[in-house]
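Remarks on the structure that follows.
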Amino acid sequence: MMQTKLKGVAIGAGYFSRFQYEAWKRIPEVEITALCNSNLERAKGIMKPYGVKNHYTDYKEMILTEKPDFVDIITPPESHFEMCKFAADNGVHIICQKPLAPTYEESKKIVDYVSTKNVRFVVHENFRFQPWHREIKKIINNDDIGDLFSLNFRSRMGDGWGEDAYLGRQPYFRDYKKLLIYETGVHFIDTFRYHAGEVTSAYAILKRLNPVIKGEDSGLVVLNFENNSHAIWDANRYNENNFKKSRYTFGEYLIDGSKGSIRLYSDGTITVQNLGESEKKHNYVHKDVGFAGDCCYIFQRDFIDKLISGERFETSGDNYLKTLQVQEAVYKSAEINAPVTL
């Protein structure tokens, strides 16, 4: 039994960070003792509800003063290298928000640097920790639908149309030169890898539908895998879906195999349909808590369990670089209008 709690600190107090602070509050082995953010008013809006006692405006001062076991970095990607480097130099374990860095080269630089220090490192990639994706992985591993043939996910996020696209929630999206794949598609690349294994080639068509933004907001991505299956991600952030809650599953998913199919519906329902049989509902637990089925909590719970046990993180630096290599191949493919082999 643990005698003392693991001490954590966090950097950032933006829109998404609330989901992470809220999840930490439910993990009994952890106490987040401080947060760093330049805006005190915004910081207070997090400190009070989630019981964070100390506020800093300088993350280096916070790390040196608090001497935490780990830091949760919840800041824009441009800041990550310096923050990860400082934490690693001071023997602090690291959770780093995605996008890991603005470029693949800088992402690799972060991973390479922290690997030379005696610290644990994980990327906060939470989509594979959504409860339906954990359950689908179990169904695939259980051989319920046999050998995988195809994985097909359709997303319509509906938050990027009109003159005021993204301003309400994440205004910086408007200035991203790369948007749909860099910010959202990377989650699905990682989830496809989680379900189907390693990618051998990528083909993509990327477009910008809304002229008020700089990056792409529509994409058709086709991935081929070592096991001979393929995945299709058909997505745009412009058109709306007809879901009761548009940010729960983020779309609909069909997985076909040699023995039948798995379907994920927008409300989190999973069905399995074996060949020659009718579709049957698959029972499992998923809760509409926090973000997208409470995936921040599930990810953070997994981080703490593996930090304590010493087991390998699923989205460790070297594993996540494989997802980012696929992301690079997707952009390259769209640029040259041809498949790119990995």
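The values are calculated or read from the model by the stated rules, or taken from the named source; none is laboratory data. These numbers come from a predicted model, not from an experiment. Cβ coordinates were reconstructed from backbone atoms using ideal geometry, including for glycine residues, and neighbour counts include every protein chain displayed. The area values use the complete protein model at the heavy-atom level, side chains included, leaving out ligands, DNA and RNA. Shrake-Rupley method; radii C 1.70, N 1.55, O 1.52, S 1.80 Å.
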request  = Provide the solvent-accessible area of V289, counting protein heavy atoms only and rolling a 1.4 Å probe, rounded to the nearest 10 Å².
outcome  = 50
inquiry  = Could you tell me which residue out of F81, A165, F129 lies farthest along the dipole of the stretch 51-189 toward its positive end? Charges go on the beta carbon: Lys and Arg +1, Asp and Glu -1, centred on the Cα centre.
reply    = F129
inquiry  = Apply the a/c threshold of 1.5 to the C-alpha gyration tensor of the stretch 205-342 and tell me whether it is rounded, prolate or oblate.
reply    = rounded
inquiry  = Could you compute the net charge surrounding E314? Neighbours are other residues with a C-beta less than 11 Å from the C-beta of E314; K and R count +1, D and E count -1.
reply    = +2
query = Tell me, Kirkwood radius of the stretch 262-332 from alpha-carbon pair distances, in Å?
reply = 15.5
inquiry  = I need the peptides 29-35, 58-64 ranked by packing, meaning the mean over residues of other C-beta atoms within 10 angstrom, with the highest value on top.
reply    = 29-35, 58-64
remark   = Taking protein heavy atoms only, a 1.4 Å probe, and rounding to whole percent, the accessible area of the chain owed to carbon and sulfur comes out at 49
message = Give me the count of lysine pairs in the stretch 116-260 whose alpha carbons sit under 18 angstrom apart, restricted to pairs 8 or more positions apart or on different chains.
response = 6
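How large is the Rg to Rh ratio of the stretch 232-290 when both quantities use alpha carbon positions and Rh follows Kirkwood?
1.02
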request  = Beta carbons within 10 angstrom, averaged per residue: use that to sort the peptides 277-283, 80-86, 255-261, highest first.
outcome  = 80-86, 255-261, 277-283
Between helix 317-336 and the chain: long-axis angle, C-alpha atoms, 0 to 90°, nearest 10 = 50
remark   = Given 37 °C, 0.692 mPa s and a Kirkwood radius over Cα pairs, the Stokes-Einstein diffusion coefficient of the stretch 1-104 in µm²/s is 239
query = Taking the C-alpha atoms of the stretch 96-149, how large are the radius of gyration and the largest Cα-Cα span, Dmax, in Å?
reply = 16.2, 43
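Largest first and in whole Å, what are the equivalent-ellipsoid semi-axes of the stretch 29-90 based on the Cα gyration tensor, each being the root of 5 times an eigenvalue?
19, 14, 10
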query = Straight-line reach from K322: which lysines have Cα under 17 Å away, leaving out those fewer than 8 places along the same chain?
reply = K98, K108, K109, K332
message = With +1 on the Cβ of every Lys and Arg and -1 on the Cβ of every Asp and Glu, and nothing else charged, how large is the dipole of the chain about its Cα centre, in debye rounded to the nearest 20?
response = 640
query = In terms of the ratio Rg/(2.2 N^0.38 Å) built on C-alpha atoms, what value belongs to the stretch 162-254?
reply = 1.16
request  = Note the angle between two axes, namely the Cα long axis of helix 80-89 and the longest principal axis of the Cα atoms of the chain, as a number of degrees from 0 to 90, rounded to the nearest 10.
outcome  = 50
Cα-based convex hull, the stretch 198-252, per residue volume (Å³, whole number) = 105
task = Calculate the tail of P(r) for the stretch 19-62: the fraction of all Cα-Cα distances greater than 12 Å, expressed in %.
result = 58
ask   = When the scattering of the stretch 103-222 is computed by the Debye formula from its Cα atoms alone, each counted once and equally, what is log10 I(q)/I(0) at q = 0.11, 0.17, 0.21, 0.23 Å⁻¹?
value = -0.52, -1.07, -1.26, -1.33
task = Grab the alpha carbons of the chain, take their convex hull, and tell me the volume per residue in Å³.
result = 142
query = Which cross-chain or sequence-distant (5 or more) residues have an amide H under 5 Å from the amide H of Y56, H modelled 1.01 Å from N in plane?
reply = L35, C36, N37
request  = Answer with one residue from V30, H55, H195: the one whose Cα lies farthest towards the positive end of the charge dipole of the chain, charges on Cβ with Lys, Arg +1 and Asp, Glu -1.
outcome  = H55
key: Percent of C-alpha pairs per 10 Å bin, the stretch 303-342, short to long   = 28, 32, 21, 15, 4
message = Please list the three semi-axes, largest first and in whole Å, of the ellipsoid equivalent to the stretch 46-162, using sqrt of 5 times the eigenvalues of its alpha carbon gyration tensor.
response = 33, 19, 17
task = With a 1.4 Å probe and every protein chain left in place, work out the accessible area per residue of the chain in Å², rounded to a whole number.
result = 45
